[in-house]
Amino acid sequence: MIQQERLQPLNAVESMGGRYVLYWMQASQRAECNHALEYAARQADAVDLPLVVVFGLTDDYPEANTRHYTFMLEGLRETGQALRDRGIQLVVLRDAPDSAALKLAPDAALLVADRGYLRLQRRWRQSVARHAPCSVTQVESDVVVPVDCVSDKEEYAARTIRPKLHRTLEPFMRPLDERGPRRSSLEMSFDGLDISDPARVVDGLEVDPSVGALTTYRGGAAQARKLLRRFIDEKLDEYDDMRNEPGLDYVSHMSPYLHFGQISPLQVALAVREAGSPGEEAYLEELIVRRELSMNFVYRNESYGSYDGLPDWARRTLSEHAKDPRPVIYTREQLEAAQTGDPYWNAAQQEMVRTGKMHNYMRMYWGKQILQWSAGPQEAFETALYLNNKYELDGRDANSYTGVAWCFGKHDRPWKERAIFGKVRYMNAAGLERKFDMDRYVAKVRALT
């Protein structure tokens, strides 16, 4: 059963027949635990039509580069095979996502879309709803609790959204029944892109080649499931105590796979709950409360990717201290090359560049240091977001926008006032050394070379 709360009609067009039901896949790039896909399959069976899936591969997704495209296409290749096993054809068109959907919409009895929360994702869906000659229904599958069920406003912090999520959570913590469609679309003819060789496809795209593909993480649902199983079996029990230790590896590594929709947050949450581990509460706090607070932020705050998206108190206090002397000012180029006098910060930057991920605790420290090494707070914000989005596999994500904004006061409270930071929370190297074995972290990153 697909909960009605996950469904949203996007237009009022009456469908007048068609050759197939069309699922426009964009955010939920998977064939498993995908509410949009399952809804489309049920609708296809209801009208006795095959199901076709379309994906628009655009060359110019903002800030995306070879690293991001390769990971995404590795996942899409696997998704295409999983769909074929169910008699569903995946058609990849080299086109803007909304344009790709509209190219196949004239022969669709119904168009089903998954849901995205960023401005560009919302514009794509608005465009399709406005121009499609058939009914368009959006199905939400990349959060555990649909965003509109949680709150109708921008939440101030985790403490304000947490009770709302806990009140609404249980009806949505249900496994998704996967079945159908009865009729195959594999014999239908479409002029789609062959994505069997992701590297070759990326070479043919006009994308930024400055950040290359990775060997540390491979895209795809199978790899996501493997990492999740390892996390549950080997790390979850000690997650609450050990997750913040940057020299160890007690994190799930789910963020890149969640970002590209290659694994469902519901699937992860159910697997963690089923384990009955003492680490369950701490992990679900991150996966559901913190992650869905990020979705709330980008959905409810149109300025989420800019300095203006910070709370008034944070911008005010940072402005009051904007002219404070800095201990040192580094250029963006120096920061990108990890050429600072701080070995811990350099290690964090190098970890991100080399692996596509940075330890969560170090990402907080990393952003705070950029603030005190930049000529002003707005420049620091823009530099942190630029570097994060360029190198992180989960860059350009609700979590990324929120994580960078947190370093500058978002979802936090005023603290004791000090130079440069004003009342924004302060972090320093001495604090890292008191809590963690930082030599072990630096050695771990050095071993990546």
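The values are calculated or read from the model by the stated rules, or taken from the named source; none is laboratory data. Small disclaimer: the values here were computed from a predicted structure and weren't measured. Glycine gets a Cβ as well: all are built from the backbone with ideal geometry, and neighbour counts include every protein chain shown.
Just a few scattered comments:
- Residues in region 301-314 that are surrounded by fewer than 15 Cβ atoms within 10 Å (Cβ to Cβ) and either of a type in the set (Gly, Ala, Ser) or not in a loop (DSSP other than H, G, I, E, B) (or both): Ser303, Asp308, Asp312.
- Against the conditions (1) touching a Phe, Trp or Tyr at 6+ places or on another chain (Cβ under 9 Å); (2) part of a strand (DSSP E or B), Leu49 satisfies every one except (2).
- Helices (runs of 4 or more DSSP H) enclosed by region 193-265 - at least 1 residues per element that are under 14 Å from Leu76 (Cβ atoms), modelled with pLDDT of 95 or more and not charged (D, E, K, R): 198-203, 221-234, 255-259
- Residue list for region 99-120, filter: surrounded by 19 or more Cβ atoms within 10 Å (Cβ to Cβ) and assigned to a helix (DSSP H, G or I): Ala100, Ala101, Leu102, Leu104, Ala105
- Yes/no for Trp373 being free of Cβ contacts under 8 Å to residues at least 40 places away in the same chain and touching a Lys or Arg at 6+ places or on another chain (Cβ under 7 Å): no
To keep it simple, each residue is scored yes or no on (1) surrounded by fewer than 22 Cβ atoms within 10 Å (Cβ to Cβ); (2) within 21 Å of Ala347 (Cβ to Cβ); (3) free of Cβ contacts under 8 Å to residues at least 12 places away in the same chain; (4) not aromatic (Phe, Trp, Tyr).
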position: Phe408; (1), (2), (3), (4): no, no, no, no
position: His411; (1), (2), (3), (4): yes, no, no, yes
position: Phe421; (1), (2), (3), (4): no, no, no, no
position: Ala430; (1), (2), (3), (4): yes, yes, yes, yes
position: Arg434; (1), (2), (3), (4): yes, yes, yes, yes
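- Val298 outside any loop (DSSP other than H, G, I, E, B), closer than 29 Å to Gln378 by Cβ, out of contact with any strand residue (DSSP E or B) (no Cβ under 7 Å at 6 or more places or on another chain) and modelled with pLDDT of 95 or more: yes
- Which listed residue, of Arg84, Arg94, Arg77, is at pLDDT 95 or above, under 17 Å from Arg179 (Cα atoms) and surrounded by fewer than 21 Cβ atoms within 10 Å (Cβ to Cβ): Arg84
- Qualifying residue in region 166-180 (condition: farther than 16 Å from Glu38 by Cα, among the aliphatic types (A, V, I, L, M), surrounded by 14 or more Cβ atoms within 10 Å (Cβ to Cβ) and in contact (Cβ under 8 Å) with a residue 40 or more places away in the chain): yes
- In this structure, Val298 does satisfy being within 26 Å of Pro414 (Cβ to Cβ) and either aliphatic (A, V, I, L, M) or not assigned by TED's automatic domain parsing to the domain that holds Met438 (or both).
- Neighbours by Cβ (under 8 Å, 6+ apart or cross-chain): first from region 97-120, touching a residue at least 12 places away in the same chain (Cβ under 8 Å) and under 17 Å from Pro62 (Cα atoms); second of a type in the set (D, E, K, R) and assigned to a loop (DSSP other than H, G, I, E, B): Gly116/Asp142; Leu118/Arg396; Arg119/Glu302
- Only one of the listed residues (Leu205, Leu227, Leu214) is under 25 Å from Asn389 (Cβ atoms) and more than 21 Å from the chain's Cα centre (by Cα). That residue is Leu205.
- Out of Asp312, Asp324, one residue alone is touching a residue at least 60 places away in the same chain (Cβ under 8 Å), more than 16 Å from the chain's Cα centre (by Cα) and over 30 Å from Gln262 (Cα atoms). It is Asp324.
- Scanning region 64-82 turns up no residue that is closer than 21 Å to Ser185 by Cα, polar (S, T, N, Q), assigned to a helix (DSSP H, G or I) and in contact with a strand residue (DSSP E or B) (Cβ under 6 Å, 6 or more places away or on another chain).
- Meets criteria (surrounded by 14 or more Cβ atoms within 10 Å (Cβ to Cβ), among the acidic types (Asp, Glu) and assigned by TED's automatic domain parsing to the domain that holds Ala158) for Glu274: no
- Residue selected from region 121-159 under the condition assigned to a loop (DSSP other than H, G, I, E, B) and of a type in the set (A, V, I, L, M), by the criterion surrounded by the fewest Cβ atoms within 10 Å (Cβ to Cβ): Ala157
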